[in-house]
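In what follows, a structure is listed as C-alpha cells, so that the remarks can point back to it.
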Amino acid sequence: MEPELLAACSSLGCLEGERYHREPDCLESVKDLIRFLRHEGEHRDVRQQLGAARILQSDLLPILVQYPQDRLLFDAVLRLMVNLTQPALLCFGKAPADPGSWHHFLQVGSYLQAYKEAFASEKVFGVLSEKLYDLLQLDWEQRQEEDTLLIERILLLVRNVLHVPLDPTEEQRVDGDATVHDRVLWALHISGMDDLLKFLASAQTEQQWALHVLEIISLMFRDQSPEDLAVLGQGQAGAEHREDTQELQSLRQRELAEKRTRALQRTSRHSRFGGSYVLQGLKAIGDRDVVFHKGLHNLKSYSHDLGKEPRRLPRRRQAAPEPEVRHRSARNVRLFLHRFCQDFLEGCYNRLMLLVKDHLVREKAQQHDETYYLWACAFFMAFNRHRGFRPELVSETVGVRTFHFIEQNLSTYYEMALMDKKDAVTWARRMHLALKAYQELLRTVQEMDRSPEPAVRDSSQVIKSNIFYVMEFRELFLALFRKFDETKQPRSFLRDLVETSHLFLRLLERFCRGRTSLVVQSKRVRRKKRPRAAAAPQPPSTEELQELWAGLAPQLQACLQGEVPLPEDLVPFDAASETPVEEQRAEVLLRIQGCLRDARVPQALRLLRSARDVWPEGDVFGPPNAEPPEETQLLQDILFAPLPQHTPPEAEEPEEEEEEEEEEQETVQVSEKEFNFLDYLKRFACAPVVRALVLLLRGYPNNTPHTNHCTVRLLHRLARELHMEPLLFQLSLFTLFNRLLQDPAAGAHQELVALAKFILGRFFALAATNKKVFVELLFWKSPAAAREMSEGYGSLREGEGAGRSRVPPWTPQEEQELRELYWKYKEVEGLDVAGTLLAQLPAPGRTRRHLVKHLVHLGLIGSARDLPRPRKGTRIVLWTQEQEEELRRLFEEFRGSDDVLGRILQHLTARRSRARVMDKLLALGLVTTRAELYKRRRRKGPDPAPGALAGLAQDGSEDGDSEEEEEEEDEDDGDPMEEPVEGSGQGLVQRLQQEGLAGPLCWLQSCLRRTAEDREEDGSSHPVPLVPLSEENEDVMENRRFQALLRRLGLRPPESEQETFWRIPAALTPRQLRRAAASITHHGPDPSGSPRGLPEPPQSPPDPDPASPQPPDWDSEEPDPSPVQPHTKRQRDLDSEEEASGSSAPVLPPEDEEELQPLGRRKRIRCVQEEEEEED
C-alpha cells in the first residue's frame, strides 16, 4: 500500500471487540480516501489496495453503525462506500480486452463480493433504514438539498450491494439453501427497508425516486421466478415435493431403459476374448476392409472418427452463453418476496410504472433504463397471472400503447444488434427482455379472453383488433426468425421466440375463426425510379429568337421609360458564395438570357443594371451611363448570344459497382386489405424459420414440454396445414428423428414421435417416385423448391409461381446472338463491351447487371470484374497507330491557331484529357515544351458587348470541359506576367488610410525599407517575418483588406500551422522592396490606373505604355478591372475574391515567384521563362 494511503487508513481508528474507537481526524481521513479514489489510475489501484486492506469491513461499516448521529462523518462514510461498491463494469467503462486489465477487473469483482458478504448484517441495514425513515418524515418544505443527496446515496448504496453478482465457485449450494444474496435480502427485510421502498413507490411526493426504486426491486428479484413465487403458500411444499419426485422418476426410468438395452446386447456367456470381425464394404485407410476388434453389440456405434481429437470450434462460431441457472432461495426469503409482490401489485405497480413510463418518454432517465421497465412488465404480470388473475392490478401496462412501446424498443434492439457487431451480445440480451415483456402481454390478453367478466373480454377484443390490424406487430416475429444468430443470441431467446410466435398465431387464428372477413393494414414500399436529369433543351433558332424579340420590344420600351416598375429584390452577386466571381458573372448573363426568353423583361433589365454596378470593368454589361438605346442593343445581343448552358456534373461511380441503378425514391403506401390466415402462415414457410425450429428441437430432452409442444405445433402447421412436407426433408432433422426414435425415454415425447413418423412416411413415399430427394436432404429448401420436389422439376418455370422473375428469360436465339456479339467486340480496345452488348440486345427490364450475370453463367467471363464500368476521363489509356496519325494531322492543321490544344481536343475522335494529349504531343516530338500549347492572349479594341459575350461563352465552355477531365491542368483566369491591376493597390491603400490605419501602413513601410537595407548590407537574403509588436499592428494583420495589400506587395502568408507570421520572401530584391514601400505612401490614382510605386515584374512582350489606357481583353477568361470608387459595393465585396482569383501579379521576378503562386500559375511562369530563353 502506498504511504499516503496507509497513513489515511491508519488515521481512521481501531476496532476493539464490538466497539470502534475513531481518531480525531477520522473525518479528514475519510475525505482523503475519497480524494484518492477520485484520482486513481486506469487499473483502479487505489480501489484494489483498499479492498485488500478490508477497509470497508473493518472500519467503514463499524463507523456507520456506531456513529450515525455525526451527520458530517455519516455523510462522508456513505459517499466513500457508494464509491467503493460501484460495479466493476462502471469503474472500468467496459470489460477489458487485454489479460492484464482483465486480471484487475476480476480482482475488483472479488473485493465487491467480499463487500456484499459484509453487508449481510441486520445492524447495517437497520442504521440505513432508520436514517432513510427520518429523512422521509421531513416535508418537502423542510427538506434541504443535503437531505435529498443523502436519500439518493442510501438508495445508491443499496443498489450497489444488490448488484454484486454471485461467485459461482464459492456459492455452490443446493436449492433451498441461503446464499449471500438471500442473506442480504433477509437483512433488508428485517430492517424494514422493503416497506420504505414500497412507500417511495407509492408516495405522491417521492416521484423523483421512481427509477431508483424500480432498479432496486429488479435486483431483489434477480434470481427469482414469478411462477414459483406466485404458487408459494398454496401447498407449495407438497407441490415442490411432487415436482422433484416426477423429475427423479423420469431420470430413473431413463436409467432403467438404458440398463435393459445394454442387458439385451450382452451375450449369455461372457468371453474375455470377444473376437475380431471384418466389416465388408467398409474400407479402412488402405484398400482393405475395416477390422473391428470389439463385440458385435458395439458395432452400431462404430465410426471412423473414433479416437480422433475433435476439431476446436472457433470462438466466432461458438454458441452464445446461456443465462445463469436460477437458484431456488430459502423458503423464508421466498415467502417475504411473495408478500412483497402482493403488496407491490396492490398499491404501487400501476403508479410506479406510470411514472417510469413518463420519465422514459420525456427522456428524463439515463440510457437503457427502459430495460428495468421491460423486466417489471414481464415479472409482475406473470406473477399476477399465476397468482389468480386480476386485470385491474396491471391495467397500466395492458394496452395498445404498451404493445407499441415494447415493439418499438424490440425493433430498435434488433436493428442495433445488426449494426453494432461488437456489442451484438448485449443488444441481444436487451432484445430478450423486450421479447419476454411482449410474450407476457400476449399471455395476459389470452387470460383476459378467459375472464368471466364481459367488460374484460371486450377489452381483450379491442386490444387484439388493434394489434392484429397494424402490420408491424404481424411482421415482428418473421423478422426475428430470419435474423436469428445462435452465436449472438442464446438458446433461451429462441425458446421464448418460438413460444411467443406460437401464442401469437394461436390468438390470431382464433380471432379470424369467428369472423367472415378481417381487414388489416398493409404497407407497401414503392421504389420509384427518380427520372434522370433531362437532356439540355435545344436552343431556339434565329427565326424564333427574332420573333420573340419582336414581342418583347414594346414591353422593354415601357420599362426603359419608367412605365413599368422594376423589381428591387434581384441580387446578381453573392459575396458569401464559394463560386468564383467570373463564374458568377457568367451566371448573371445566363439569368438575363433566361428572363428574356421567359418574357420577364423587368427582371432582365434590373439584373443588367445591377450587374453593371458590380462589374463595371470592360463594359461587359454596358458603359456606366448607358442610354436606353444602348441597353436595348445589349439585351438583344444577350438574347441572341450562344451562351453555354450549365449541366449538372455526373458523379463518378466506383469500378466495383456492377449495375447502373437509377436513383430511387421510396414511398410508403398505406392501404387496407382482407386478411387471410393461411397466406400469413405461408410467410413462415422459409428456410430460416425451419432451421431455427430444428435447432431448438436438438435439445428436446432438456426442453420443457410446453417448448417442445410449441415447436412441434409450428412444424405441424408448415407440413400439414400448408401441405409443404418437403420443406422438412432435411438431413439434420432426420438425424434428430433417428436419435429420438432410438431414445428409451421417447414415450415422454409423443407429439414429436408422431411428427417424425409422419415426415419420414411422406419422405419415403416421395422417394419412390423422385430419386433426387436423397440429394435434396443436404439443402434447406424454399417453398418453390419444395413444390418442385413434389410436382416435378421445372413446373414453376411456365406458371405463375414465386420463382418467376421480372426479367424476361433468355431464349436460345438470344443466347447465341449474345455469344456472337461478345466474341465480336471482345478484342476491341477501349470499348465498353457490356454497354455495347446491352445496346444491341434491347429487352424490357434487362439491365447491365443481368447481362453481365448471364455472361458469367454462360462461361464467357469469369466474374463481373472482367467487365468493369469504364470511368470517366480514363476510358482510353493506350494510343493506337491510327489515333497517333490523327493527332499529328490535327496538330499540323491547327498549329497556327491561338489555342492549339483546345482545337485538337474539340476535333479529337477519342475523348482524352488535356494532360494526356499534351504528354503525347511531347512524346511524339511535335512540341518541345508545354508552353507552345498554351492559349495565346490577344488584345482587341473596346468593341461593343457582343464580343464580350462571345468571349464569356467560349471561356465558360472551356471551364465546363476542364471540370469533367481528370488530371487536367488548372485553367488560370489571367496571365501572371501582365501588369498589376490598374488602381487596385492604390485603392486598397486609400481605403486603409480612410479607415484610420495609417499607423500600421507606416509600420509596414518601415519594415520593407529596413529589410531592403539589411539585404544590401549583408549581400544575402532570407525570409523575414512581420512580427507585430503593438496591439494595433496585431489587429490589423487580421484585416482582410490589409492582407490583400500584403499579397499585392508579394508578401507570403503562413504556409502551415507551425508558422504564425507573414513573411517577406527572400526572392524580393532591395530595389523591389523600396518600390513597394514607396507605393504605400502614394496618394491619388494615376490617370492610367496603375500604381506608380508598385514594382513591375519583367515581361516577355514589350511593356505597354503605362500612361495609355489599356483596352479590355475580351478573349481572356479574366475581366480587366477598371478603377472604382473607394466606397462602392463592389469594392467592399470583391476584396477577398481579388485575392483568390489572382487578378494582379505579385511584385516578384519570374524566377522567385514560383513559391508564392498557385500550381497553375507556376506552370505558366515557367512557360514564359522558357519562351524568353528561346527568344534570346
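The values are calculated or read from the model by the stated rules, or taken from the named source; none is laboratory data. Since this is a predicted model, take the numbers as computed values, not measurements. Here the Cβ is made from the backbone with ideal geometry for all residues, glycine too, and neighbour counts use every protein chain on show. The protein model used for the area step is the full one, side chains on, heavy atoms only, and it has no ligands, DNA or RNA in it. Shrake-Rupley method; radii C 1.70, N 1.55, O 1.52, S 1.80 Å.
Checked against (1) in a helix (DSSP H, G or I); (2) touching a residue at least 12 places away in the same chain (Cβ under 8 Å), K488 meets all criteria but (1). Going through (1) assigned to a helix (DSSP H, G or I); (2) touching a residue at least 40 places away in the same chain (Cβ under 8 Å) one by one, Y413 falls short only on (2). Of the helices (runs of 4 or more DSSP H) that lie entirely inside the stretch 535-616, those containing 2 or more residues that are touching a residue at least 12 places away in the same chain (Cβ under 8 Å), within 42 Å of the chain's Cα centre (by Cα) and buried (at least 16 other Cβ atoms within 10 Å of the Cβ) span 581-597.
Considering (1) closer than 24 Å to M789 by Cβ; (2) open to solvent by 50 Å² or more (accessible area, probe 1.4 Å); (3) part of a helix (DSSP H, G or I), say which one R739 fails and leave the rest. So R739 meets the others, but not (1).
Only a single criterion out of (1) modelled with pLDDT of 90 or more; (2) assigned to a loop (DSSP other than H, G, I, E, B); (3) open to solvent by less than 40 Å² (accessible area, probe 1.4 Å) is not satisfied by G794, namely (1). Can you say whether T205 is of a type in the set (V, I, T) and in a loop (DSSP other than H, G, I, E, B), as far as the supplied structure shows? So T205 passes the test. When R312, R328, R334 are checked against the criterion of being in a loop (DSSP other than H, G, I, E, B) and surrounded by 16 or more Cβ atoms within 10 Å (Cβ to Cβ), R328 stands alone in meeting it. Evaluated against (1) surrounded by 15 or more Cβ atoms within 10 Å (Cβ to Cβ); (2) not in a helix (DSSP H, G or I), C14 falls short on exactly one condition, (1).
D75 passes every criterion in (1) buried (at least 18 other Cβ atoms within 10 Å of the Cβ); (2) in contact (Cβ under 8 Å) with a residue 24 or more places away in the chain apart from (1). Taking first residues from the stretch 1070-1091 that are modelled with pLDDT under 50 and partners that are part of a helix (DSSP H, G or I), the Cβ contacts under 6 Å between residues at least 6 apart in sequence or on separate chains come to P1085/Q986; P1091/G985; P1091/Q986; P1091/S1079. Scanning the stretch 921-931 for residues that are surrounded by fewer than 18 Cβ atoms within 10 Å (Cβ to Cβ) and either aliphatic (A, V, I, L, M) or out of contact with any helix residue (DSSP H, G or I) (no Cβ under 6 Å at 6 or more places or on another chain) (or both) returns L922, A923, L924, G925, L926, V927, T928, A931. The set of residues in the stretch 29-53 being open to solvent by 30 Å² or more (accessible area, probe 1.4 Å), among the small types (G, A, S) and assigned to a helix (DSSP H, G or I) consists of A52 alone. Open to solvent by 100 Å² or more (accessible area, probe 1.4 Å), under 22 Å from Q742 (Cβ atoms) and either charged (D, E, K, R) or modelled with pLDDT of 70 or more (or both): is that true of R288 in this structure? In short, no. For the stretch 333-367, the candidate set comprises residues that are basic (K, R) and in contact (Cβ under 8 Å) with a residue 60 or more places away in the chain; within that set, the residue that is farthest from D194 (Cα to Cα) is R351. Looking across the stretch 494-525, just one residue is farther than 20 Å from F468 by Cβ and touching a Phe, Trp or Tyr at 6+ places or on another chain (Cβ under 8 Å), and that is L494. Flag not set for L778, criterion: assigned to a helix (DSSP H, G or I), modelled with pLDDT of 70 or more and of a type outside the set (K, R). Of L354, L374, L335, all but one fail to be within 21 Å of R159 (Cα to Cα) and aliphatic (A, V, I, L, M); the exception is L374.
The single condition among (1) assigned to a helix (DSSP H, G or I); (2) under 31 Å from the mean Cα position of the chain (by Cα) that K421 does not satisfy is (1). Residues in the stretch 1040-1059 that are under 17 Å from W1003 (Cβ atoms) and assigned to a loop (DSSP other than H, G, I, E, B): 2 in all.
For (1) open to solvent by 50 Å² or more (accessible area, probe 1.4 Å); (2) part of a loop (DSSP other than H, G, I, E, B); (3) within 13 Å of M81 (Cβ to Cβ), each residue gets a yes or a no:
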position: W102; (1), (2), (3): yes, no, no
position: V108; (1), (2), (3): no, no, no
position: L112; (1), (2), (3): no, no, yes
position: G126; (1), (2), (3): no, no, no
position: R143; (1), (2), (3): no, yes, no
position: T148; (1), (2), (3): no, no, no
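Would you call S303 out of contact with any strand residue (DSSP E or B) (no Cβ under 6 Å at 6 or more places or on another chain), of a type in the set (S, T, Y), without any contact (Cβ under 8 Å) to a residue 24 or more places away in the chain and not in a helix (DSSP H, G or I)? When the stated conditions are applied, S303 passes them. Within the stretch 471-485, being open to solvent by 40 Å² or more (accessible area, probe 1.4 Å) and assigned to a helix (DSSP H, G or I) holds for M471, E472, E475, R482.
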